[in-house]
């Protein structure tokens with residue numbers, strides 16, 4: 001007996017949600033462990049105070065990985081990588097605005113198919129959770145933006161008719177949100193690391209993936 005479509009779709013959504021929660025929770029543990037370790041190893045008497053002036057602008061070249069979560073992406077692509085640039089404007093100790101550009105690439109699971117990639121342009125608010133005795137901080141950020149998916153045309157080797165799969169290039173709106181940590185190194189440099197879930201709206205529903213990335217954040221007054 002075939003599984004009802006509605007039940008199958010519900011099961012796929014539930015599995016995707018579980019994987020997303022597990023990945024986000026695992027990343028949160030890693031970020032929190034790093035943050036806590038810095039707190040434990042820091043000697044207040046010997047620590048060199050990092051002075052942050054507000055407001056300030058920050059620029060962070062980033063690199064990381066992408067993990068397809070929804071079935072439509074998992075069936076076609078493997079986990080891949082990303083590079084990008086994160087630009088922020090810190091309004092005060094707790095609130096900042098950011099804009100991000102990322103080039104995201106994933107190898108196809110179809111033999112002979114070209115790499116699929118996204119160009120992500122997103123922006124939104126970022127809220128920091130600070131502590132008076134720490135120069136570093138945890139943060140939460142959310143964003144909205146555009147995702148341009150591209151994949152070159154190709155011929156599937158398994159197709160004996162030689163049918164050409166046409167090139168794909170489309171732009172869809174999406175939202176994203178996640179957690180991160182800013183580890184202070186000096187008066188001008190931090191280490192930025194974060195994990196985010198991206199949800200892209202399509203004609204048939206949504207596509208979702210998770211990104212984990214980090215880099216050095218340079219601050220300018």
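The values are calculated or read from the model by the stated rules, or taken from the named source; none is laboratory data. Please read all numbers here as calculations on a predicted model, not as lab measurements. FYI the Cβ positions are ideal-geometry reconstructions off the backbone, even for glycines, and counts take in every protein chain you see.
Would you point out the residue of region 95-130, among those that are in contact with a strand residue (DSSP E or B) (Cβ under 7 Å, 6 or more places away or on another chain) and not in a strand (DSSP E or B), that is farthest from residue 151 (Cα to Cα)? Please lay out each step first, then the result.
Taking region 95-130 first, the residues in contact with a strand residue (DSSP E or B) (Cβ under 7 Å, 6 or more places away or on another chain) are 95-109, 112-130.
Among the residues that remain, those that are also not in a strand (DSSP E or B) are: 107, 109, 112-115, 130.
Working: 107: 10, 109: 13, 112: 12, 113: 9, 114: 7, 115: 6, 130: 42 Å.
Checking each candidate, the answer is 130.
Those residues that are farther than 29 Å from residue 115 by Cβ and not in a strand (DSSP E or B), I need them from region 78-94; list them, please.
The initial filter retains those residues of region 78-94 that are farther than 29 Å from residue 115 by Cβ, namely 88-94.
Within region 78-94, 91, 92, 93, 94 qualify.
Kindly indicate whether residue 141 is surrounded by 14 or more Cβ atoms within 10 Å (Cβ to Cβ), farther than 20 Å from residue 79 by Cβ, in contact (Cβ under 8 Å) with a residue 12 or more places away in the chain and within 14 Å of the chain's Cα centre (by Cα).
On the way: surrounded by 14 or more Cβ atoms within 10 Å (Cβ to Cβ): yes; farther than 20 Å from residue 79 by Cβ: yes; in contact (Cβ under 8 Å) with a residue 12 or more places away in the chain: yes; within 14 Å of the chain's Cα centre (by Cα): yes.
Answer is yes for this residue.
Condition check ((1) within 21 Å of residue 64 (Cβ to Cβ); (2) surrounded by 15 or more Cβ atoms within 10 Å (Cβ to Cβ)) across all residues:
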position: 88; (1), (2): yes, yes
position: 93; (1), (2): no, no
position: 102; (1), (2): yes, yes
position: 113; (1), (2): no, yes
position: 137; (1), (2): yes, yes
position: 147; (1), (2): yes, yes
position: 173; (1), (2): no, no
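With 69, 73, 28, 82 as the choices, which residue is within 17 Å of the chain's Cα centre (by Cα) and modelled with pLDDT under 80? Working first, answer last.
Numbers: 69 fails: modelled with pLDDT under 80; 73 fails: modelled with pLDDT under 80; 82 fails: modelled with pLDDT under 80.
After applying the criteria, what remains is 28.
Name every residue in region 147-198 that is part of a strand (DSSP E or B), over 26 Å from residue 101 (Cβ atoms) and either in contact with a helix residue (DSSP H, G or I) (Cβ under 9 Å, 6 or more places away or on another chain) or without any contact (Cβ under 8 Å) to a residue 12 or more places away in the chain (or both), in order of residue number. Working first, answer last.
We begin by selecting, within region 147-198, every residue part of a strand (DSSP E or B); these are 147-151, 154-155, 164-165, 168-184, 189-198.
Subset that is over 26 Å from residue 101 (Cβ atoms): 154-155, 164-165.
Within region 147-198, 164 is the sole residue that qualifies.
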